[in-house]
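What follows is one structure encoded as structure tokens, with my remarks underneath.
The values are calculated or read from the model by the stated rules, or taken from the named source; none is laboratory data. Quick caveat: nothing in here was measured; it's all calculated off a predicted structure. Glycine also receives a Cβ, built like all others from the backbone with ideal geometry; neighbour counts cover every protein chain displayed. Note: accessible area is taken over every heavy atom of the protein model, side chains too, but ligands, DNA and RNA are not part of it. Shrake-Rupley method; radii C 1.70, N 1.55, O 1.52, S 1.80 Å.
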Amino acid sequence: MGAFSETLEVAVPLPVPGTFTYGVPAGLEGKILPGMRVLVPFGRRRLSAWALGPGEQSGRGDLKAVLDAPDAEPLFPEAMIPFFRWTAAYYKQPLGEVIRTALPAGTRLFERTVYRLRPEALARLETEPLSAPEERIVGLLRRGEKTLAGLSRGVAEAGLRRHLAALERRGLLERSRRLAQGGGAPRLKPWVRALPGAAPQGLPPRQEEVFREIAREGEIALDELARRLPRAAAAVRALLRKGLVERFRRRLYRDPLGEPILPDRPPVLTPEQEAAVAALAAALGKGFAPFLLRGVTGSGKTEIYLRLAAAAVAAGFSVLVLVPEIALISQTERRFRARFGERIAVLHSRLAAGERFDQWCRVLRSEAPIALGVRSAVFAPLPRLGLIVVDEEHDPSYKQEGGVPYHARDLALVRGRDHGAVVVLGSATPSLESAYNAKRGKYTELVLTRRIEERPLPAVRVVDLRAMRGRRGPGRFIGEELRAALAETLGRGEQALVFLNRRGFAGFPVCAACGEALRCPRCEIALTLHRAERRYRCHYCGFERPAGEEACGSCGRREIRPLGLGTEKVEEALRALFPQARIARMDSDTTRAKGSLLALLRGLREKTIDVLVGTQMVAKGHDFPGITLVGVVCADLSLHFPDFRAGERTFQLLAQVAGRAGRGEQPGRVVLQTYNPEHVILQAACRQDYDAFYESEMGFRRELGYPPLSRIILLRISGPGKGEAERAARAVAGACLELRRREGGRFAAVEVLGPAEAPLARVAGRSRFQVLLKGADPGPLHRLAERCLARLPELGLPASVAAEVDVDPLFLL
């Protein structure tokens, strides 16, 4: 420690509040820019952190020094730091955690231990007695330094660390700490070029041929040169020694985009599309302008995004396009690449770490003016951001669950405000929050009431499942009407989609002897049978156990019956009913492997799939022109969840999945099976009548004072035991109530609800309780939450108890 003339404000990637000030040593003064990574000491550790700018109190003698700054350029622009600070403050999260969430995986620095032979010990090794494991270690290290992982791959010894320590004590090897980076390190490719003024004379034929090729190209990648002229490597080395060429490295971007896409021809717009494009384009460059684009399914919202993006890029702006799930990336990417070629960058978590890092850098360096991605792409470092599109803005996937619980739609609006950009929220079934803001005049609403090419909305037929009670076999869940519709569709050579929002084979395995369900030991929730994998799996914590001759945990009998329904069982039933049909399934089980989702989408596009069975993944904005029939196996699964948003989610899901039918030349139809055919939510979804749904649902929300008429902050308290979690929850609720009483009228309008046991009372071995803060004015609500969180250390909660905060939660389970 010592006095520093330059200090640095740093954010560390740990759940600790605030930022920290470090001294900048003389060798790094003036070289660390905001947005760069730095290595700093933190307690007993050395951490990769992020530079934010000059720190306070220069000249202090008690500051620790920055250890290293490996970047040549920042990983994010300085202009994004206020956005990161706002996000951290609003969602009550540490700033370092927000930045870590924003940056692509693989960009964090870490230290690793490397081993190498001591140069002065090489001669001793010729005579030094070594054991067999030590000989293998020395043999590997003769090839160069190695990490512990690298040595363990070549030396399968249980006592590897012990052998290394013995060699180190004898002075034969040494270890050191090196900075390393995850899979996001840049990839550099070797190139060669002729030096200016090089005039070769009397070269051997091979060297002359290679030099002529290099001079003709000016500069060329070494692998390309070797492809054109086999055995060119030796000639290049000779030319390097003669000072005729020089070797250098150039950044190589890993390409995640796949096969080339042919350019498309923009279609003729409908009058409604023309009006929407005109209104949106007129707002570009004129300050923050939020729009809600509400259009029925198949009305051509994506074409509006494409036209608007072209106008924004032509005006010198960059464009951010968000879609809710990776399943939609392929379709949207194809549309944008057909229009904009390689001027787009793609950002999502299915990319390899290196691919995602490269795409991030392309955006950062203004090499791609359009960024397309899922929720994390809201942090893309786009310069001169002029347009943000949030497609399917109602989708709950935009809300991060776990980690920093941000909502990408809301952050898109904040970025739009900060940049003075146009923000387009598009959906056929907008969230109540967005529709409410449009009706209050906060957003400008644009409405598309017709499908393109005057295509009709699908006809919907409602089937009462109560009439099928008592039936056995597939007839219990695939009624005569749905079966007949499938047969007709297949007979015409058309495609069908069968929807059930529950994966697996059976969601309620139960003992036939005593009636006890087979439950997850960590969550007390019924396990789901995945019969193809012969596993029982918990969909909340990931617990698994083999499926076979398992015994009941209550009575010990081996009579487990796979009750309940899932997409796997539906797929099996359809294969039995239609053995000639080509049937596929799309859910998170079948799309886990890289490339599997693209293969399914390609099969639909190329019509090598006749029937697609799927969960909500198939309902989100996909455009499958060949699908003329949608069958909904059971429309009620999400309707009665213990969550005030259950009705809204059910309407959105059913209206969206119904909208997949009839998007091509042939009209579509929907067969919707339900136990509640008269329910107002289901009736509105069948008619695709958003206004009727809105009025009904808003009446319910108004009566209970729930969002969008108020805001909610959820405090979730969990612990290994129910008793200690409940006591901690009572202490947290008591602190909130005490603050509310003590401050008089300041927090009077904020309700404190709870503590209450969470609907999912135990997940992953932890009992869960909730405290809800609710209020119409976000100012007092957030201040009360901040004051309560600041008091948590004073409450003396056990170390085993965790308290989490979720601002604007979407799920209260």
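Taking residues in the stretch 423-449 that are closer than 16 Å to residue 283 by Cα, and partners anywhere that are basic (Lys, Arg) and not in a strand (DSSP E or B), the pairs with Cβ atoms closer than 7 Å and at least 6 places apart or on different chains are 425/409. Residue 740 meets each of the listed conditions (1) under 31 Å from the mean Cα position of the chain (by Cα); (2) in a helix (DSSP H, G or I) apart from (1). Tell me which residues, restricted to the stretch 623-657, are under 20 Å from residue 760 (Cα atoms) and in a loop (DSSP other than H, G, I, E, B). Hits for the stretch 623-657 are 636, 637, 638, 639, 640, 641, 642, 643, 644, 645. Does the stretch 394-401 contain any residue that is in contact with a Ser or Thr (Cβ under 6 Å, 6 or more places away or on another chain), assigned to a loop (DSSP other than H, G, I, E, B) and under 30 Å from residue 96 (Cα atoms)? Within the stretch 394-401, one or more residues are in contact with a Ser or Thr (Cβ under 6 Å, 6 or more places away or on another chain), assigned to a loop (DSSP other than H, G, I, E, B) and under 30 Å from residue 96 (Cα atoms).
Considering only the stretch 111-126, I want to know if a residue exists there that is among the polar types (S, T, N, Q), in contact with a helix residue (DSSP H, G or I) (Cβ under 7 Å, 6 or more places away or on another chain) and either closer than 30 Å to residue 712 by Cα or part of a strand (DSSP E or B) (or both). Yes; the residues of the stretch 111-126 include at least one that is among the polar types (S, T, N, Q), in contact with a helix residue (DSSP H, G or I) (Cβ under 7 Å, 6 or more places away or on another chain) and either closer than 30 Å to residue 712 by Cα or part of a strand (DSSP E or B) (or both). Criterion applied to 744, 779, 754 was being closer than 19 Å to residue 711 by Cβ and loosely packed, with under 15 Cβ neighbours inside 10 Å, and the one residue passing it is 779. Kindly indicate whether residue 370 is more than 27 Å from residue 596 (Cβ to Cβ) and β-branched (Val, Ile, Thr). Here the answer is no, as residue 370 does not meet what is asked.
In the stretch 448-467, the qualifying residues are those that are closer than 30 Å to residue 565 by Cα and among the β-branched types (Val, Ile, Thr), and the one that is least open to solvent (accessible area, probe 1.4 Å) is 463. Residues considered: 433, 445. Of these, the only one that is closer than 30 Å to residue 87 by Cα and open to solvent by 50 Å² or more (accessible area, probe 1.4 Å) is 445. Of all the residues in the stretch 566-599, those that are over 28 Å from the mean Cα position of the chain (by Cα), part of a loop (DSSP other than H, G, I, E, B) and not basic (Lys, Arg) number 4. From the list 35, 53, 59, the one residue that fits, being at positive phi, at pLDDT 90 or above and part of a loop (DSSP other than H, G, I, E, B), is 35. Given the criteria open to solvent by 10 Å² or more (accessible area, probe 1.4 Å) and touching a strand residue (DSSP E or B) at 6+ places or on another chain (Cβ under 6 Å), does residue 418 qualify? Criteria not met by residue 418.
For the residues 652, 656, 673, the requirement of being buried (at least 23 other Cβ atoms within 10 Å of the Cβ) and in contact with a His (Cβ under 6 Å, 6 or more places away or on another chain) singles out 652. Checking the structure you have, find out if any residue of the stretch 682-689 is surrounded by fewer than 16 Cβ atoms within 10 Å (Cβ to Cβ), in contact (Cβ under 8 Å) with a residue 24 or more places away in the chain and closer than 30 Å to residue 624 by Cβ. Yes, that holds for at least one residue. Filtering the stretch 658-685 to residues that are hydroxyl-bearing (Ser, Thr, Tyr) and assigned to a strand (DSSP E or B) leaves only 674. Taking the listed residues 140, 167, 130, the one that is at pLDDT 80 or above and outside any helix (DSSP H, G or I) is 130, with no other qualifying. Take the conditions (1) of a type outside the set (Phe, Trp, Tyr); (2) over 17 Å from residue 463 (Cα atoms); (3) in contact with a helix residue (DSSP H, G or I) (Cβ under 7 Å, 6 or more places away or on another chain); (4) at pLDDT below 90; residue 639 misses just one of them, which is (2). Of all residues in the stretch 90-118, those satisfying the criterion of being under 30 Å from residue 136 (Cβ atoms) and at pLDDT 85 or above are 114, 115, 116, 117, 118. Annotation note: of 805, 801, the sole residue that is β-branched (Val, Ile, Thr) and in contact with a Lys or Arg (Cβ under 6 Å, 6 or more places away or on another chain) is 805.
So, in the stretch 714-736, of the ones that are part of a helix (DSSP H, G or I) and touching a Ser or Thr at 6+ places or on another chain (Cβ under 8 Å), which residue ends up least open to solvent (accessible area, probe 1.4 Å)? Per the stated criteria, the residue is 725.
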